[in-house]
Amino acid sequence: MSKLLQVQNLSIEYASPRGVVKAVDNVSFSIGKGEIFGLAGESGCGKSTTAFGICRLLRPPARLAGGSVVLDGIELTELPDEQFDKLRWSKMSIVLQSAMNNLNPVLKIRSQLMDAIVAHEPDAGKEAAKRAEQLMRLVDLPADRLDSYPHELSGGMRQRVVIAMAMAMKPSLVIMDEPTTALDVVVQNGIIRKILELQEQFGFSILFITHDLPLMLEMCDRIGIMYAGRLVEIASRQEMKSGPRHPYTQGLLHSFPPLYGPKRRLEGIPGHPPDLIRPPGGCRFHPRCARAMTQCSSREPAVLADERGQVACHLYNEEGLSVEQASAARE
Amino acid sequence: MKTIIRIAAACWSAFPGKKGKLGFVILVWFTVIALFGSLLAPYPKNFIGFESWLPPSFSHWLGTDSYGQDVLSQMIYGTRTSFWVGIIAGLITTVIGVTVGVVSGFKGGWVEESLMRVVDLFLIIPTLALMIILASFLPSMGIVSTILIIGCLSWLYMARSIRSQTMSERQSGYVEAARTIGMNDAEIMFREILPNIVPVILANLVLVTTQAVLAEAGLSFLGLGDPTNVSWGTILALANANNAVLFHAWWWILPPGLAIAFFCFGFILIGNGILEKYRANRGNAAL
Amino acid sequence: MSKPLLHVNELGKVFGSRSMFRKNEFRAVHDVSFRLEQGEVLAIVGESGSGKSTIARMLTNLIPATSGDIMYGGQSLRRDKRLGRKLPTFVQMIFQDPFAALNPHHTIGYIVGRPLLVQRQWKGDTRPKVLELLQKVGLTPAEDFIDKYPYQLSGGQKQRVMIAKVLGLAPKVIVADEPTSMLDVSIGVDIMNLLLDLKSQEQLALILITHNLGSAKYMADRIMVMYAGQMVEYGPAEQVIGEPLHPYTKLLIYSSPDPWRDASLTMEIIDPQGMEIPKTGCAFHHRCPHAGDACRTKSVAVTKLGGERQVRCHLYT
Amino acid sequence: MRYNSVYLLKRLGFAFITLYVAITLNFLLPRLMGGDPASALASEKALGSQEVVKALKAQFGLDNPSLLYQYAKYLNQLLHGNLGVSYANYPSPVADVMVKALPWTFGTVLTATLLSYLVGWLIGIRGAWKAGSLFDNSTLFTAFFLNSVPFFWIAIIFIMIFSFYLEWFPLGQAIDPGIDSFSALDKIKSVLYHAFLPVFTLIIATLAGHILVLRNNLMRVLSEDYMLLAKAKGLSAARRKYAYGARNALLPSFTGFMTSLGHVIGGAITTEIVFSYPGVGLVTFNAILNHDYPLIQGSFLFIAVSVIVCNLIADLVYPLIDPRVALN
């Protein structure tokens, strides 16, 4: 699978009254063409910041502190703004959390769908209006809704409009930041099925960001887990389901109360996320990790990359744990 | 002497931030002039013993006006009126405005609703026009009645903005939580909600004090101010009436305007300073 | 037969807004009945707008009920005014948004201590009692927390402060309105475990309001599924999740993402396309794959099946 | 944009009630101030003779003690446009004096308000768009300063600079003395030439309020998700700034516009005095000097009515901009 997006050592910081916050610290991953890559993690882990860093939507005081982002062979970090704007929406579009203000409250749906097209193809004219109708049908919304205002649509419908909007220029990468978090579970199911259907039809890649690991395990091909600004593990869906390697991923997976199977006591993850201004030394998870060792608090774990994915944890490098020990560590 | 220093230190910390401190200095400057005006002023009040239209000189720092009065002395005495009008009218307005605003915002119900409709109604009719009517028909026009007129017309604006803030606080979680533990309405209003709308109260207090000073100046300018008393407004009125412009008497025109601006600016600085400190120790909680 | 700790009988709530011309009424809750004994946990599950939060607010008397009655230990909330004043010592509520439920202006000590004084459960300085309560909810060392302001605490810690405050009044029933939905999942599990431990230690009864079926199954002994203000299914947790009867419950379970379920199981889903909730017949018939004529016209009553199972659906009448 | 009937009726009803209260207030105030205005006036004017007092009483409808009768008479007179007779410019009725003065005030205030609103927005938008820049800070500073100085002080300063020293504009008045002999074009030129400075003063005096309001609203709007989405869509800066940013920031500041109208007219009164511009303000000022009570009442009524009417118009225009209002 050839690479669409390659992110190398991406770092994003922002200055706060109490010092510089390293929100994203040396994150590297890649997304293949037509692949659905999930980025999961809890609040403050830097998953959304990573996405905004990639498509240059960081709001001051956040700024890109280093690393390279290559999309379809183009190095994005060096592009001047005008050229970057040409790529916006034509190469990569974004779907935000379905909060109330995802759409401009004073513009009709039609003009908000069309202005993305017109911005890139000024001569589109009447044809843009026709494409707006096609987009609405694409997400199973009646075309007459084009003339209504955002406040007249339900949460689910608004989110479908935003997804349709993201398809306007047939981009090769769609970044979705918690697209269904604020929706009821039945509506969410409908939206997710529609996204998968569209992905099947157009073959674009998706960077899907959420804290809802079970949802991610159902829809993503590969999943990256972030903690306190670092990418701690990447694994395929099967690998993640059968048994993740990083202690944090194991803890996270066991924090979601399952619907099926017998009732057993869940152990969450003790403590609370670290302060990113003065992060704990070495592996940032060591204060909360049940199997922390001495070197965990002193040295950052090197990333072990193998056929099963990636994991950044001392359990898996120096000692070169044998398969049994690794599986024991997993239980 | 030690107590004065301690009080000064306490005040100094009470006005936080660079802005707060600068605003405090301005406020002290005007308070001193207002309180000890008669001692500071080089010549007695309304003393018309000098030659008129004298430009600023060593003996008359701000020159003299058409009646031969020393402009600097008039300005100093004028500070007292404008200062007290601003402060007292501001306080009256705040007390009435906050109480009406909080009670009607919290209680709701059609009684408060209609009260607020009346307030909206009066807000549309220009306050200055209302003041003109009141001032022109009131028999005696002392400083007290000026304060009363300004006071009882400006609280309307404040009541409305406090009410809308209270209504939004009423929906918040901590008010519902307070109800479930059986707190009575009075405690919820004044112990739970009031501290959280302090920023809005402060912003309004600053606005109202500025409006009060401007209103007093307006009334004096229209000749409805207190004839026996001098204020920045009366000085300007006389300057305009006696075409100070034709006599190049800029030293008679500029000081009153700058004084009003400087005075109000002090209050705006204090208001912003306290707001910033207030937000800081609440972790920049959204107002 | 001793009086049940909490008995809710045909509870209803209608929000009326009389605008100048037409009088439109929204029936938020209709004909809800259940019983709760000491030490039991009931989960009320449903989507937003299903009326579950309205029920929570009626149980704590934040909003008055339009019809039906709520009885604590035999005393009716509607008839006995005395109960109204003493209610905080019977039932307490844990709110969904910890960031808004704690007054940013007061210290933690004041927030947890004040209710003790308001309900005259304590005399004089409340500090020792507050320290004990903070200890009980796991905010240790309590001395570090008592003088802090809410903004200095994380979401999970704030939720624990709210639980400490509620425990201070030693209520018999705790109503938790989506206690973990605003928190990270790993922190949420600790809060759920804390509530379960406190339930057994303090002999409490717990009502959990949630849209997440997983947490409902994890915490509750019984589950009540709400749709459009009405109870559509009720029964022991394992059975309601394991063998759901009502089509809506099946839809909820099918829609909830769970990686370990049998992916081959599919279900026919009718997309409501923003249609209004039907006024006549069963409120779910416009989305129900099994909807027949009866469903579209005749309103449905609750049928009681064995083992405390109840369902409101024509398939079972 | 079809109007929502409920919204329309509510706004019309509100305007009528406000009008009614203004009229009643205008009637009650002189009577509540103790003593009856006619005899106080007669003695003051040292007219002495009883017929004058009787005439005044009749004119005020005081010959019959019952308040209700006076009120009915007052309302009746009002309906016929009879606001009583002005003393200062006897025998012309108050209504004529006001009708002659109103266009001048209306002209200056309306143009000034619209222009100041427009300029205030442009500055506010640019300030918020580049928050923290030198431009933003300097406009904020001047806005704070301008917001805390009286209208008439600005007027005097402007006369001193522009009329007296630079002699670009006349010292006051509204028209040249021999205007009747001018050609139509010259007449207009003369009116504009005289009106420029008063309008300019009003613009500068009210500019500050609009800048502050719009800047704050736009700062809030800029942090919304749809602004981020607009940027992500690669829309042009202009479209993002105006169609997305300003349009949403416009709404709350429009309601601010309505309440500020009363304030502007208050300011216009004092400005006209400085420019001796023959508008309602100057008329009121002279009325006060001469204790011309009917004229004072008349001018108050005209000011109140014009403000109420402007507010009603603004209320009706508002649904055209904010789609959420008209349809809910």
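Would you mind classifying region C:54-131 by shape? Square roots of the alpha carbon gyration tensor eigenvalues, ordered a ≥ b ≥ c; an a/c under 1.5 is rounded, otherwise it is prolate if a/b is larger than b/c and oblate if not.
Cα axes put region C:54-131 in the oblate bin.
Expressed as a whole percent, how much of the Cα-Cα distance distribution for the protein assembly as shown exceeds 65 Å? It would help to have the intermediate numbers written out before the result.
Numbers: 158713 of 796953 pairs.
Tail fraction, whole percent: 20.
Considering Cα pairs under 8 angstrom that are at least six residues apart, work out the relative contact order of region D:103-290 and quote it in whole percent.
Values: 202 pairs, mean separation 65.0, N = 188.
Once normalised by length, the contact order is 35 percent.
If you fit an axis through the alpha-carbon atoms of helix B:127-137 and take the longest principal axis of the Cα set of chain B, what angle between them do you get, 0 to 90°, nearest 10? Tilt relative to chain B: about 60 degrees. The 3J(HN,Hα) values that the Karplus relation (6.51, -1.76, 1.60; θ = phi - 60°) gives for region D:199-211 are, in residue order, 5, 4, 4, 4, 4, 4, 5, 9, 4, 4, x, 5, 4 Hz. Gly and Pro appear as x. Rounded to the nearest angstrom and listed largest first, the equivalent-ellipsoid semi-axes of region D:103-290 from its Cα gyration tensor are 37, 17, 15. Counting each pair of different Cα atoms once, what's the Kirkwood radius of chain A in Å, rounded to one decimal? That comes to 21.2 Å for chain A. Phi angles across region B:83-94 convert, under the Karplus curve 6.51 cos²θ - 1.76 cosθ + 1.60 with θ = phi - 60°, into 3J(HN,Hα) values of 4, 5, 4, x, 5, 5, 4, x, 5, 4, 4, 5 Hz, Gly and Pro given as x.
Please tell me which of these pairs span more than 22 angstrom C-alpha to C-alpha: C:Lys13/C:Lys165; A:Lys22/B:Lys19; C:Lys123/C:Lys165; C:Lys129/C:Lys158; C:Lys129/C:Lys165? Cα-Cα > 22 Å for C:Lys13/C:Lys165; A:Lys22/B:Lys19; rest within. Both numbers refer to the Cα atoms of region B:64-286; Rg and Dmax are 20.7, 72 Å.
Note on region C:131-233: percent of Cα-Cα distances in each 5 Å bin, starting at 0 and stopping at the bin with the largest distance, equals 2, 11, 22, 23, 18, 13, 6, 3, 2, 0. The ranking of A:Leu113, A:Leu266 by Cβ neighbour count inside 10 Å, starting from the fewest, reads A:Leu266, A:Leu113. Close amide H pairs (under 5 Å, H built 1.01 Å from N) link A:Met226 with A:Ala40, A:Gly41, A:Val232, residues at least 5 positions away or on another chain.
If contacts are Cα pairs under 8 angstrom and at least 6 residues apart, what is the relative contact order of region C:6-228 in percent?
Averaging sequence separation for qualifying contacts and normalising by length gives 30 percent for region C:6-228.
Against chain C, whose longest principal axis comes from its Cα atoms, helix C:108-118 is set at around 80 degrees.
Near the amide H of C:Thr107, within less than 5 Å, lie no amide hydrogens of residues on another chain or at least 5 residues away, with H placed in the peptide plane. The tail of the calculated P(r) for region D:208-314 beyond 18 Å holds 62 percent of all Cα-Cα pairs.
Computed from phi, the 3J(HN,Hα) profile of region A:199-208 under the Karplus parametrisation 6.51, -1.76, 1.60 (θ = phi - 60°) reads 5, 4, 6, 9, x, 7, 8, 10, 9, 9 Hz, with x in place of Gly and Pro.
For peptide D:263-270, the mean count of partner chain Cβ atoms within 10 Å of a residue's Cβ comes to 6.
Need one value for A:172-185: mean number of C-beta atoms belonging to other chains within 10 Å of its residues' C-beta atoms. It would help to have the intermediate numbers written out before the result.
Numbers: counts 0, 0, 0, 1, 0, 1, 0, 0, 1, 0, 1, 2, 8, 11.
Counting Cβ atoms of other protein chains within 10 Å of each residue's Cβ and averaging gives 2.
Based on other C-beta atoms within 10 Å, arrange A:Arg265, C:Arg312 from fewest to most.
On the way: A:Arg265 8, C:Arg312 25.
The order, fewest Cβ neighbours first, is A:Arg265, C:Arg312.
Would any residue of region B:162-183 have its amide N under 19 Å from a label point 7 Å out along Cα→Cβ of C:Arg85? List them or say none. Zone members listed by number: B:179-183.
Between amide H atoms placed 1.01 Å from N, distances below 5 Å from C:Thr66 occur with C:Gly12, C:Lys13, C:Val14, all of them 5 or more places distant or on a separate chain. Normalised by 2.2 N^0.38 Å, where N is the number of residues, the C-alpha radius of gyration of chain C stands at 1.07. Under 17 Å Cα to Cα from D:Lys73, which lysines show up? Leave out anything in the same chain fewer than 8 places away. Those lysines meeting the cut-off are D:Lys54, D:Lys57. Rg over Rh for region A:154-214 works out to 0.93, both radii taken from alpha-carbon positions and Rh defined as the Kirkwood radius.
Taking the longest Cα principal axis of chain B as reference, the axis of helix B:198-221 is set at about 30 degrees. When you restrict to C-alpha pairs under 8 Å that are six or more residues apart and normalise by the size of region A:3-330, the relative contact order lands at 20 percent.
All alpha carbon pair distances within region C:247-317 were sorted into 10 Å bins beginning at 0; the resulting P(r) in whole percents reads 17, 42, 32, 9.
Every number in this text was worked out from the coordinates using simple rules, so none of it is lab data. What you see is a predicted model, and the numbers here were worked out from it, not measured in a lab. Neighbour counts run over all protein chains shown; Cβ positions are idealised from the backbone, glycine included.
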